[in-house]
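These notes are about the structure you will find just below.
The values are calculated or read from the model by the stated rules, or taken from the named source; none is laboratory data. All figures in this text were calculated on a predicted structure; none of them were measured in a lab. Cβ sites come from the backbone with ideal geometry, for glycine too, and all protein chains shown count toward neighbours. Just the protein is used for accessible areas: all its heavy atoms, side chains included, with ligands, DNA and RNA removed. Shrake-Rupley method; radii C 1.70, N 1.55, O 1.52, S 1.80 Å.
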Amino acid sequence: MKVNVQSVNFNAEGKLIDFVQSRLNKLDQFYDKIISSDVYLKVENTSSKENKIVEIKVHVPKDQFIIKKQCKTFEEAVDVASSSLERKLVKRKEKLKAQV
């Protein structure tokens, strides 16, 4: 699966990009028809410690899923967002099986 990572208002380290890539590659286990995904990493300028925002768009045939999470670290936000995506993809796969 092709993963496009964009960091807004900062430069992401290679380690963070590798983490995002490996975490999203695991989504293929749950739904094998994923075309690509776009990941946007943003830092919000607030006094709150939870100022890291991760937005993930996953493109599948005839549809796309968008998950947006805000946490203390990018790694935590990617984990939470990908867990939500896993549930959505499994639900979609079951719905497609039910139609057949």
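A few comments on the model shown:
- Check on Q21, part of a helix (DSSP H, G or I), within 16 Å of F74 (Cα to Cα) and touching a residue at least 12 places away in the same chain (Cβ under 8 Å): yes
- Qualifying residue in region 24-38 (condition: farther than 30 Å from L96 by Cα and either modelled with pLDDT under 90 or assigned to a loop (DSSP other than H, G, I, E, B) (or both)): no
- Any chance V100 is open to solvent by 50 Å² or more (accessible area, probe 1.4 Å), at pLDDT 95 or above, of a type in the set (A, V, I, L, M) and more than 15 Å from Q6 (Cα to Cα): no
- Checking S83 against (1) open to solvent by 60 Å² or more (accessible area, probe 1.4 Å); (2) farther than 21 Å from Q6 by Cβ; (3) of a type in the set (S, T, N, Q), the condition it does not meet: (1)
- Test for L41: is it surrounded by 12 or more Cβ atoms within 10 Å (Cβ to Cβ), in contact (Cβ under 8 Å) with a residue 60 or more places away in the chain and hydrophobic (A, V, I, L, M, F, W, C): no
- Just one of (1) assigned to a strand (DSSP E or B); (2) touching a residue at least 24 places away in the same chain (Cβ under 8 Å); (3) open to solvent by 60 Å² or more (accessible area, probe 1.4 Å) fails for E75. It is (1).
- Counted residues, region 44-72 - those being open to solvent by less than 80 Å² (accessible area, probe 1.4 Å) and among the hydroxyl-bearing types (S, T, Y): 2
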